[in-house]
Structure formats: structure tokens, C-alpha cells
Amino acid sequence: MNTKIELHNMLFYAYHGVMPHEREIGNEFEVSVKLEAEISAACASDDVNDTINYATLFELVNMEMQIPSRLLEHVAGRIFNRLTQEYPQITSLEVRVSKRHPPVKGKMEKAEIVIYT
């Protein structure tokens, strides 16, 4: 039995960006993660050790968000790799990283990169 776990719109203040001021001043970022995994043991046991703990997922994402990068692609790739290394039972994964109010000449709510299997 496959199960989906989704963490929506986790918010972080981080220092990612191509422009030097983005790495000095920082910006708000949103990260969403969707995954599928075989965790049927948790359905029967009611034991957090038998599942992929969403609090631990959040902490892993948080650790990667604190490492400055120039590109959202790099940030999303690091998160993707970290989660699949920590949880080999993941069979499908989608990572969305959005920069709120990116520095463009005009108004934009956010710019987003999506990496998935």
C-alpha cells in the first residue's frame, strides 16, 4: 500500500539568489514537498517510527534552506537529494521551491522551481 505525504507552503527566510544583495539581505521562500512511500506498517502499528515523520522532513528541508545558493534549482536539487538519501522507501517525490517577490522590474508574487520523479 503506497501512501502520500504532503507538506504545503513551509516558510523560510533564507539567502538565495544570483544578485549579491539577495545573499546579504535575504528573502522569504516557500517549500512544498509531496512524496509517496511504502509505509503500510505505520497504518497497522500506529508507531511514528514506522512512517516518514513530517517533523523530521521539515527539519531536513530547513537544514538545506539555510545553505545559501545562487539558484533555486540548486536548492530544490539539494532538498530532493537529501530526502531520497534519508528515506530510500520514497517511490515518488516532488519538491517545489518558491522565492517570494523576486527582484524583477515589476510585480511578481513568486518564482518557483519544481523537481520531481
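Key figures for this structure:
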read-out	value
Filtered residues of the range 1-54 (kept if in a loop (DSSP other than H, G, I, E, B), touching a residue at least 60 places away in the same chain (Cβ under 8 Å) and surrounded by fewer than 16 Cβ atoms within 10 Å (Cβ to Cβ))	MET19
Residue list for the range 87-105, filter: at pLDDT 95 or above, closer than 26 Å to GLU22 by Cα and not basic (Lys, Arg)	GLU94, VAL95, VAL97, SER98
Enumeration of residues in the range 77-107 that are surrounded by 15 or more Cβ atoms within 10 Å (Cβ to Cβ), small (Gly, Ala, Ser) and more than 15 Å from TYR13 (Cα to Cα)	GLY77
Test: residue in the range 14-22 that is touching a Phe, Trp or Tyr at 6+ places or on another chain (Cβ under 8 Å) and at pLDDT below 95	yes
Which listed residue, of ASN62, ASN2, ASN27, ASN9, is farther than 19 Å from GLU112 by Cβ and of a type in the set (S, T, N, Q)	ASN2
Number of the condition not met by MET63 [criteria: (1) free of Cβ contacts under 8 Å to residues at least 24 places away in the same chain; (2) more than 27 Å from PRO20 (Cβ to Cβ); (3) assigned to a helix (DSSP H, G or I)]	(2)
Some residue of the range 48-58 being farther than 16 Å from LEU35 by Cα, within 10 Å of the chain's Cα centre (by Cα) and not acidic (Asp, Glu)	no
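The values are calculated or read from the model by the stated rules, or taken from the named source; none is laboratory data. Computed from a prediction, not measured in an experiment: that's the story for all the values here. With ideal geometry, Cβ positions are generated from the backbone for all residues, glycine too; neighbour counts draw on all protein chains shown.
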